[in-house]
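Since every read-out is calculated from the coordinates, none of them should be taken as a lab result. All values reported here derive from a predicted model rather than from experimental measurement. Ideal geometry is used to build each Cβ from the backbone, glycine not excepted, and the neighbour counts take in all protein chains shown.
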Amino acid sequence: MFLTAKEERILDGEEGYARQLAMKIVVKLGDIFSADKLIPITAAHISGASYKTIGDAPIAFLEDLVKNGARATVKATLNPIGFDLHDYKNWSLSQTVIEKQKYIIHLYEKLSIEPILSCTPYVLENFHLSLGDHIAFSESSACVYTNSVIGARTNREGGPSALASAIIGKTANYGLHITEMRQPKLLVEVENPPKEYAEFGMLGTYVGRLARDNIPIFQGIRNATNNQLKYLGAGLASTGMVAMFHMLGITPEAKEIDVKEYSEKITVSQDELNNELNKLSTTDNVPDLIFIGCPHCSLQEIQEIAAYLQNKKVRDDLKLWVCTSQEIKKSAQQEIKTIENSGAKVICDTCIVVAYLEQLGIKTMMTSSAKAANYTPHFCDIDSVMNTVQGCLETATTKLKDI
Ligand code: F3S
């Protein structure tokens with residue numbers, strides 16, 4: 001791979017050990033994937049921040065970087081952690097967990113990584129991405145969204161490689177950074193266009209399983225909101241290695257479909273989506289937690305949930321959690337009050353998959369997120385029940401004897 005004289009100097013350690021280490025990681029990846037050169041990035045988003053999922057292993061690595069003066073040189077943000085930093089007193093967490101988690105955030109802050117603790121950096125006020133921007137994102141749902149809806153360019157990075165790219169401000173030029181590699185290979189004909197967020201998510205988990213690492217192009221969906229597309233992308237990335245989709249009128253690069261160009265084609269009927277709902281539901285048990293917000297809720301979703309919960313009460317035999325970022329929570333104070341007055345909780349900084357759920361004694365979760373339903377049985381050892389947002393909210397607010 002070609003390196004400029006300055007890049008060679010960084011690799012030789014002339015700008016210190018930390019930048020040398022970051023450069024080594026990026027160059028190694030470039031060599032593995034036959035990249036021709038490094039390219040500048042405008043932003044990075046780093047996953048691997050929850051102490052529950054990463055444990056102690058990366059702490060020494062982060063300490064080493066901090067000690068040696070590493071700093072992000074581009075806008076860089078951090079994914080959710082293991083608990084809500086502002087509201088964890090009733091979570092029965094050990095002092096060790098609390099301290100280690102806070103220490104991990106402290107280390108990332110020292111590296112100039114902003115602790116937004118959200119998986120949807122692209123909706124935040126001061127995070128600007130444009131068509132054609134090269135970025136390094138390691139949150140899979142955010143990769144799909146930024147590639148497919150915004151037209152920015154990122155591979156599905158790992159946490160360490162996104163961090164290394166943030167430090168040197170560059171990534172290796174391979175995969176989805178290259179125009180030809182962003183072309184769709186799999187034609188997906190959707191017979192009944194999904195409407196609800198949950199249906200978009202389930203279309204994603206269904207197609208993700210079949211697409212593997214191919215880029216699907218959807219036929220049959222003419223309109224979709226950014227929220228719906230967010231759920232589609234999260235679903236796709238959770239069952240497959242998908243990092244991008246094409247949709248006409250949505251994806252900046254999408255072209256009119258010529259079916260002859262596609263050797264691989266699948267058709268998704270309503271039956272497939274109904275089966276997906278059953279597949280993502282691992283039990284018929286009554287849930288003890290209802291969870292909305294994977295990926296984190298946008299302002300519009302918070303408004304929709306608040307409108308539903310106005311003058312309603314959450315059953316006292318279960319919890320209703322709505323997950324979002326601190327920034328969205330601050331910008332929707334009236335709606336948050338309405339949601340919390342119903343007895344629901346608005347949780348920030350964390351999510352169902354990376355949170356310390358086990359400590360709360362949760363056995364069964366109902367969710368409107370296909371990604372969360374797909375992950376929680378494996379990551380958290382709890383059963384999942386898939387439902388629409390409306391179904392989740394109705395279940396949360398209907399007395400058991402009325403069901
Ligand atoms: Fe976000 Fe957690 Fe879902 S990081 S995409 S809410 S698994």
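Each 20 Å bin from zero up to the one holding the largest Cα-Cα distance in the chain carries the following percent of pairs: 28, 56, 16, 0.
Legend: calculated FRET efficiency, LYS345 to LYS185, from the Cβ-Cβ distance at R0 = 41 Å, rounded to 0.05, equals 0.45. Using a cutoff of 8 angstrom between alpha carbon atoms and counting only pairs six or more residues apart, the relative contact order for the chain works out to 17 percent. Checking every one of the trypsin sites (Lys or Arg not before Pro) in region 1-85 against DSSP loop status and a limit of 15 other Cβ atoms within 10 Å picks out LYS37, ARG71. The convex hull around the C-alpha trace of region 5-179, projected and averaged over every direction, spans 10.3 square nanometres. The stretch between LYS195 and ARG222, if pulled fully straight at 0.36 nm per residue, gains 8.6 nm over its current Cα-Cα span. For region 311-369, trypsin sites (Lys or Arg not before Pro) meeting the loop criterion (DSSP other than H, G, I, E, B) and having at most 13 other Cβ atoms within 10 Å: LYS313.
Across ASN275, ASN126, ASN155, mean-square fluctuation computed from a Gaussian network of the chain (C-alpha pairs under 10 Å connected) peaks at ASN126. With the helix formula -39500 (n - 2.57) applied to DSSP H stretches of n ≥ 4, the chain reaches a computed 222 nm mean residue ellipticity of -11500 deg cm²/dmol. Applying 1/(1 + (r/R0)^6) with r as the Cβ-Cβ distance of LYS312 and ASP31 and R0 = 41 angstrom yields a FRET efficiency of 0.10. Once the chain from THR267 to GLN300 is taken as fully extended at 0.36 nm per residue, the excess over their C-alpha distance is 8.8 nm. Which entries of LYS75/LYS313; LYS6/LYS67; LYS102/LYS329; LYS102/LYS279; LYS230/LYS345 have Cα-Cα distances beyond 31 Å here? From LYS75/LYS313; LYS6/LYS67; LYS102/LYS329; LYS102/LYS279; LYS230/LYS345, over 31 Å: LYS75/LYS313; LYS102/LYS279. With Cα atoms as the point set, region 183-278 shows a radius of gyration and Dmax of 11.9, 34 Å.
Hey, what's the Cα Rg ratio for region 282-402 versus the globular rule of thumb, 2.2 N^0.38 Å?
0.97
Restricting the trypsin sites (Lys or Arg not before Pro) of region 217-301 to loop positions (DSSP other than H, G, I, E, B) with no more than 16 neighbouring Cβ atoms within 10 Å leaves ARG222, LYS255.
Between ALA60 and HIS106, the contour length at 0.36 nm per residue exceeds the alpha carbon distance by 15.2 nm. Mean projected area of the convex hull spanned by the Cα atoms of region 264-346, taken over all viewing directions: 7.8 nm².
Set the Förster distance to 41 Å, then compute FRET efficiency between THR42 and LEU360 from the Cβ-Cβ distance, nearest 0.05.
Calculated transfer efficiency: 0.60.
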